[in-house]
Amino acid sequence: MKGKRKELAPIRDNVAPRATVNPIHIIDMNIAVPGRGKMYFKRFKYKGCPVLDNQTADFKKGALLVDMKRNDLIRNLYQLMSKDTNQTTYSHFCGVINYIRWLDGFGLKAIKGDWFHMDLINEYMKWFSEECALNRKQKTSWSADKKALSWVLKQLNRSLDAKSLPSVKGATVGNNSYQAHDLETELKPLAKSLFKAYKSLLKHFKESTLPERHPLYDEELLNKVAIERGLKGNKLVGQKAAFKKALQKSDARNHIVRIAMMITYMFTGINTNPLAKLKISDIYFKEVQGGKYIFDSSKGRARNQEQDNSLGFNKHAKEFIESWLSVAKTMAEGDISAPVFPYFKQDGSVTTYDAVINSPQACINKLLEKLGLPTINPSRFRKSKLDTLFRVTQSVYLVAMSGNNSINVVARNYVHGTKTEHQNNLGAAMDAKYAIANGKEIKAATEAAKYKFADVLDNYEYEHLRAGKDRNNESRTPLGVRCNDNKKGSASIIRKLLKKEGVDTTVEESICTDFLSCFECEYHALVADVMDIWLMLSFKETLQQLQQLPAVNSMPEKRYTWLFNIIESILKRFKEKSSSNFLLAEEKIKEAAHPLYNNVYSLNDLFEVFS
């Protein structure tokens, strides 16, 4: 018969799936979360949600187990949290534990069978608000528990109740967020130690050997810390033994993987989970105004947006990533779908660090702490990277683009300066105040303090900072100070003075010659290079000789004192920045002063020429 529908064949896809079978017994309701451990729902059964023994996963001996008759609640929570389980689900589980524990502590029970009745939740929110006001609790904890309860309410189709929860203002601003590393005292020593360890482990990996102790070991640093902390005898022996024991706890290959991840943290600031999920095939080379390496990954908690994870533009980053890819491919026996940073289990199987409870930096940080070095995590390295970028560019927009953050977040964290900058400013202020209190003139005290706490670059940093900029008008002044643009600053004033004298000059011809005003000019830079230090030492030496010959000294006393104090302060900073370059410059001046200052009259000649 025409038009008759064809009978539907009973194929597998058309058959309704079987109902999901969940564990019947409460004791079997456990959910494993990669990277976080297990969620044990049996904790909700007893008063106070007692903690479990880490080894046995049973309740600790002697724990008082009072059955609160919450089996229905446990089954509902298990049902909700067993869908699309991830690390955020684990956080929500912990938040609900805190809430139920609070109810038990105050003797509160379900209202009409509802453990999430709004009267109970509102009381919890009110209590948390009061605790935060008294500084007994942190707003970050309050915000986390509120998010957990909001999630549960939404899963129960109670979105209006979730929206009625109070907003936790200041949770982001008031938290104990990680501070950027100080470039000189923290980041550089860290980088040096990590690269030293990596190169050593790379050599052992190629030779299929293992060092006697972890290559992070530094005898000099360890002894220095021991003196500071008063460690002697067995305690000092224990500190040194830790570097041997660190190599005995896991597969030998894991040690170089961890160090490689630490260096990658430093270059990129990527979090552990997205870094752990990277495959060898995800890494590619991209040419964008010069070579840079990009990690093809996504930022999971930001709606899976793509992120540009540049390893940087310097040769160290290039050499590192090339050497590590070679190691990763060797470990994977050429399989490009294998993880870039594998974790080798004791049974020989391979997994990734997002599926391991302990973070890769956990054991590294224990060793770094013994050396007096700052601990590592991707958040702090990311903060250091963005802090440095903001200080160089002063652009909130560029920092936001680089960090995959909103402009508001970047403005809140960087536009008002960083902790290191504030410490330098406070240090300069207190130093000047102390000098003034001891009778030093205000201007001399403030200028000396300013340069005592000023940023001093080495030649590599200066070249990196100036890369890509117009450098046609750069120069090194007779003071040993770099001038970023000698057509600006006092150049326009000099041009006007020459015009009054009847000498016409074009903008291209006019060059700033007011080298005594360099310190007050925005275009100056301090670079601890041998030549710069030699020039400044020569200038200082001639300045001292000039002071002893008042007949030829045309410089006013106040000007002399001001200039001498600044030179003294900058030379101290040069020595702190690069003691090796300072020693070389001192050797040069022992042989001879810079040709500009070959005799005591040189400075007067310079004044006559350039003033």
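Rundown of residues vs (1) within 35 Å of the chain's Cα centre (by Cα); (2) over 30 Å from Gly269 (Cβ atoms), yes/no style:
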| position | (1), (2) |
| --- | --- |
| Asp114 | no, yes |
| Asn122 | no, yes |
| Ala133 | yes, yes |
| Ala148 | yes, no |
| Val152 | yes, yes |
| Thr185 | yes, no |
| Ala197 | yes, no |
| Ser200 | yes, no |
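Among the residues of this structure, Ala144 does not count as one that is closer than 30 Å to Leu325 by Cβ, surrounded by fewer than 19 Cβ atoms within 10 Å (Cβ to Cβ), at pLDDT 85 or above and touching a helix residue (DSSP H, G or I) at 6+ places or on another chain (Cβ under 9 Å). Taking the criterion of being without any contact (Cβ under 8 Å) to a residue 40 or more places away in the chain and more than 29 Å from the chain's Cα centre (by Cα), the residues of region 205-217 that qualify are Lys206, Glu207, Ser208, Thr209, Pro211, Glu212.
Any chance you could count how many residues in region 348-378 are under 17 Å from the mean Cα position of the chain (by Cα), closer than 22 Å to Lys279 by Cα and hydroxyl-bearing (Ser, Thr, Tyr)? Walk me through it before giving the result.
Applying the first criterion (under 17 Å from the mean Cα position of the chain (by Cα)) to region 348-378 yields 359-362, 364-365, 368-369, 373-378.
With the extra rule that they be closer than 22 Å to Lys279 by Cα, the set shrinks to 359-361, 377-378.
Narrowing the set further to residues that are hydroxyl-bearing (Ser, Thr, Tyr) leaves 359.
Of the residues in region 348-378, 1 are under 17 Å from the mean Cα position of the chain (by Cα), closer than 22 Å to Lys279 by Cα and hydroxyl-bearing (Ser, Thr, Tyr).
For region 37-153, list the helices (runs of 4 or more DSSP H) that sit wholly inside it and hold at least 3 residues that are aliphatic (A, V, I, L, M) and over 30 Å from Asn273 (Cα atoms); which are they?
Numbers: elements: 71-81, 87-105, 118-133.
The qualifying helices (runs of 4 or more DSSP H) are 118-133.
Residue check: is Ile364 of a type in the set (A, V, I, L, M, F, W, C), in a loop (DSSP other than H, G, I, E, B) and either modelled with pLDDT of 75 or more or not assigned by TED's automatic domain parsing to the domain that holds Leu216 (or both)? No; evaluated as a whole, the condition is false for this residue. Among the residues making up region 135-166, those that are free of Cβ contacts under 8 Å to residues at least 40 places away in the same chain, under 21 Å from His117 (Cβ atoms) and hydroxyl-bearing (Ser, Thr, Tyr) are Ser150, Ser159.
Sub-8 Å Cβ pairs linking a first residue in region 113-134 that is touching a residue at least 24 places away in the same chain (Cβ under 8 Å) to a second residue that is surrounded by 12 or more Cβ atoms within 10 Å (Cβ to Cβ) and β-branched (Val, Ile, Thr), at least 6 apart or interchain, are Trp115/Ile100; Phe116/Val152, ordered by first then second residue.
Which one of these is surrounded by 17 or more Cβ atoms within 10 Å (Cβ to Cβ) and modelled with pLDDT of 85 or more: Ala593, Ala585? If you could, list the steps in order and put the result at the bottom.
Details: Ala593 fails: modelled with pLDDT of 85 or more.
The match here is Ala585.
Of the residues making up region 68-124, those that are more than 14 Å from Lys45 (Cβ to Cβ) and in contact with a Phe, Trp or Tyr (Cβ under 7 Å, 6 or more places away or on another chain) number 5.
If you go through region 350-364 and keep only what is surrounded by 17 or more Cβ atoms within 10 Å (Cβ to Cβ) and farther than 16 Å from Asp251 by Cα, you end up with just Asp354. Looking only at region 334-349, which residues are surrounded by fewer than 21 Cβ atoms within 10 Å (Cβ to Cβ) and β-branched (Val, Ile, Thr)? Hit for region 334-349 is Ile336, nothing else.
Does Tyr265 meet the test of being in contact with a Pro (Cβ under 8 Å, 6 or more places away or on another chain), crowded, with 18+ Cβ neighbours inside 10 Å and assigned by TED's automatic domain parsing to the domain that holds Asp335?
Working: in contact with a Pro (Cβ under 8 Å, 6 or more places away or on another chain): yes; crowded, with 18+ Cβ neighbours inside 10 Å: yes; assigned by TED's automatic domain parsing to the domain that holds Asp335: yes.
Against the criterion (in contact with a Pro (Cβ under 8 Å, 6 or more places away or on another chain), crowded, with 18+ Cβ neighbours inside 10 Å and assigned by TED's automatic domain parsing to the domain that holds Asp335), Tyr265 qualifies.
Of the set (1) assigned to a helix (DSSP H, G or I); (2) at pLDDT 75 or above, all apply to Asp485 but (1).
The values are calculated or read from the model by the stated rules, or taken from the named source; none is laboratory data. All values reported here derive from a predicted model rather than from experimental measurement. We place every Cβ from the backbone using ideal geometry, glycine too, and count neighbours over all the protein chains shown.
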